Amino acid sequence: MNFKKAFTYIFEDPNWLEKLIVPLLVGLIPIVGQLALSGYVMRVIQNVAQRTQPELPSFDFGLDLGKGFRWFLVALVYSLPVMLFSLLFLWPTFRLENNGNDTIAIIVLILIGLLFFLLLLAFAFVLPIAQVNFAVKDTFASAFDFKTLFKLIKNNIVAWLMVLAGTVIAGFISPLGGIVFVIGAMVTAFYGQLFVAHLAGQAYALSQTPGGQGVAPF
């Protein structure tokens, strides 16, 4: 995994400003713009994973909006278990509100909270891998092909942990632009997404064989 490359690859494209200014401006459009921006980021992932040059594609509103909307539907399906599991909090919360210091309700609430935390961790780890597989293959089935997803993890779990670490780093990068009002925050958030996109593409390529054996480094 090449973190330095993920930070700098954008500026290696001589047309980087021209390619990124359009999706950035489109991203200002509520909902539709964010879907198109999401689709663009996934095409970056696809280019990196397949080593397509240049890695930054030209923005295509129709193509990127379609890809982003399809991913939105996939993410919605993935979020259903989390939303349904959260309903388990209702019973112990109701008991505590009506019975005060209810020991059983407290214990149940703690156990549900721990399980919910583990579910969120699994969600945070698996969803990006599903996104990469979807970005490369562009089919709904690929996002739920758990056999392939777990094979990717098994082949190179370190690479995916580094993607997770990159996501955390991007979380710190994104708010920095807030110093320059809203547009600044959007620029740094977009940069953070492109940073993680490159790491995700790298991880996908390096997970095609156990330990990335025989795969040329980035």
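Looking at the chain, do any whole DSSP H helices span at least 18 angstrom along their long axis by alpha carbon and average 0.0 or above on Kyte-Doolittle, and which?
Numbers: long enough: 32-49 (26 Å, 0.92); 61-86 (36 Å, 1.22); 103-137 (50 Å, 2.50); 157-173 (24 Å, 2.44); 181-205 (37 Å, 1.24).
TM-like helix candidates: 32-49, 61-86, 103-137, 157-173, 181-205.
Taking Cα pairs under 8 Å and at least six residues apart, what relative contact order does the stretch 13-120 come out at, in percent?
21
Find the centroid of the Cα atoms in the stretch 152-171 and in the stretch 95-128, then give the distance between the two in whole Å.
Going from one Cα centre to the other spans 26 Å.
Express in nm, to one decimal, how much length is gained between I21 and N2 on full extension, taking 0.36 nm for each residue of separation and deducting their alpha carbon distance.
Full extension from I21 to N2 adds 4.3 nm.
Report the Cα centroid-to-centroid distance between the stretch 1-41 and the stretch 51-73 in angstrom, as an integer.
Using only Cα atoms, the two centres lie 10 Å from each other.
Give me the mean projected area, in nm² to one decimal, of the convex hull enclosing the Cα positions of the chain.
Details: hull surface 57.5 nm².
Averaging across all directions leaves 14.4 nm² for the Cα convex hull.
Explain nothing, just the number: dipole magnitude of the stretch 3-212 about its Cα centre with +1 on each Lys and Arg Cβ and -1 on each Asp and Glu Cβ, in debye rounded to the nearest 20.
460
Give the total of Lys-Lys pairs in the chain with Cα-Cα distances below 30 Å; include a pair only if its members are 8 or more places apart or on different chains.
Step by step, the pairs that qualify in the chain add up to 20.
Once you've got the GNM for the chain with C-alpha springs shorter than 10 Å, pick whichever of A122, A185, A203 has the biggest mean-square fluctuation.
Fluctuation is largest for A122.
Determine, for each peptide in 34-46, 186-198, the mean count of other beta carbons within 10 angstrom over its residues, then list the peptides with the highest first.
34-46, 186-198
Ratio of the stretch 55-101's C-alpha Rg to 2.2 N^0.38 Å, to two decimals?
This ratio for the stretch 55-101 stands at 2.12.
Relative contact order for the stretch 3-212 using alpha-carbon pairs under 8 Å, separation at least 6, rounded to a whole percent? Before the final figure, lay out each step's value.
Values: 241 pairs, mean separation 50.6, N = 210.
This gives 24 percent for the stretch 3-212.
Each reported figure results from applying straightforward, stated rules to the coordinates on display, with no laboratory input. The shown structure was predicted, so the numbers you read here are calculated from the model rather than taken from an experiment. Glycine also receives a Cβ, built like all others from the backbone with ideal geometry; neighbour counts cover every protein chain displayed.
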